[in-house]
Amino acid sequence: MLGIFNKIARKQPAADERLTPALELDRDALIALLPYYPIGKKFSYYPEFKKELTLTTTIIAYAINNELVYSNGEISWKEEAKKTQIYLDGKPLKKIKSFCFIMPTASRSEEGLDYVRREQLGKNGGFVRGNNITLKGVQSDGRLPVIDTTVRKQVELKEGHYIGHRVAILDVDPAAFRLLEQRRHVRLKTDVPGKIQNRLNQESQRCTMVDFSDQAARIVQHEEAASNYREGSVITLSFDLPKSTEVRVIQGKVIRQHDDTLVMTLDNIMREKEFEKVESFDIMEIKANLLQQQAL
């Protein structure tokens, strides 16, 4: 344990606190947030819910139970006897009482603020004891990780890898972590076999539809046919839905193609042997059936 936590550790609890068992943080929630907030990556943040004061920072270390962790590789986890076990340097943690981000108090982007916003921000990038700091994590699959943290205190490090640097200690409650959907059209993961072809009644190739959204579908081809389906090509996708005897036939344009994977728009759908424009009802009806596949 480094000196930055010693003062906290020596503090005597009040009588009623001694009678109350120490709470444990949600292990599964902690594991869920860690990949989005790795040590060493740059993140956007804003203090006290003031989004107009968004700045750039980084996490230089974690603190688990007041023990500093400098490397992402020092933390591991696995499920044991239907319970998630977290390890620190290979040693199991019996209880996780606290988890913190350690961050620099200085921010490079602070210099770009105008006078009014710099006055709003105040000193030390908003890292004032008790302040709320909202951190945006590493985006993945169209979702934005967000978590509200609380500044425990600032301190100049007297030992360790960052000796002489002033840092902020942010208390993190993993239960406050959330993923915000950024895409207007949510993609649904699928595993549906199908066939693609340039035109109906022409030779088709086997494929698998691996995701489906309101406007596009992503397809993985099973055969050497990438040259037939380049960007801009109009193609037809045919596939069955779970527990349905009706074949869906959709026509669209290839908007992305790389190796054996392509993305096609959902422009027209076959009705009564003729293609008609895809409507909102068609998308919702297909999604409803695809969700049944996930439940199987």
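According to the square roots a ≥ b ≥ c of the eigenvalues of the Cα gyration tensor, what is the shape class of segment 234-294, taking rounded for a/c under 1.5, prolate for a/b larger than b/c otherwise, and oblate for the remainder? Walk me through the numbers before you get to the answer.
Numbers: a/c = 1.83, a/b = 1.25, b/c = 1.46.
Since a/c reaches 1.5 but b/c is at least a/b, the shape of segment 234-294 is classed as oblate.
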For Lys82, the lysines lying under 20 Å Cα to Cα, once residues fewer than eight places off in the same chain are dropped, come out as Lys91, Lys94, Lys95
Show me, for segment 154-170, the HN-Hα J-couplings you get by feeding each phi into the Karplus relation (A = 6.51, B = -1.76, C = 1.60, θ = phi - 60°), rounded to Hz, glycine and proline as x. 10, 7, 8, 6, 9, 7, x, 6, 10, 4, x, 9, 8, 10, 10, 9, 10
At R0 = 35 Å the Cβ-Cβ FRET efficiency linking Thr208 and Asp173, nearest 0.05, sits at 0.30
Taking H as built 1.01 Å from N, whose amide H comes closer than 5 Å to the amide H of Leu188, not counting residues under 5 places away? Phe212, Ser213
Under 8 Å for C-alpha pairs, at least 6 residues apart: give me the relative contact order for segment 188-295, rounded to a whole percent. 23
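Coordinate-derived values only; no laboratory data. Since we're looking at a predicted model, the values are computed, not measured. Cβ atoms come from the backbone with ideal geometry, glycine included; neighbour counts cover every protein chain shown.
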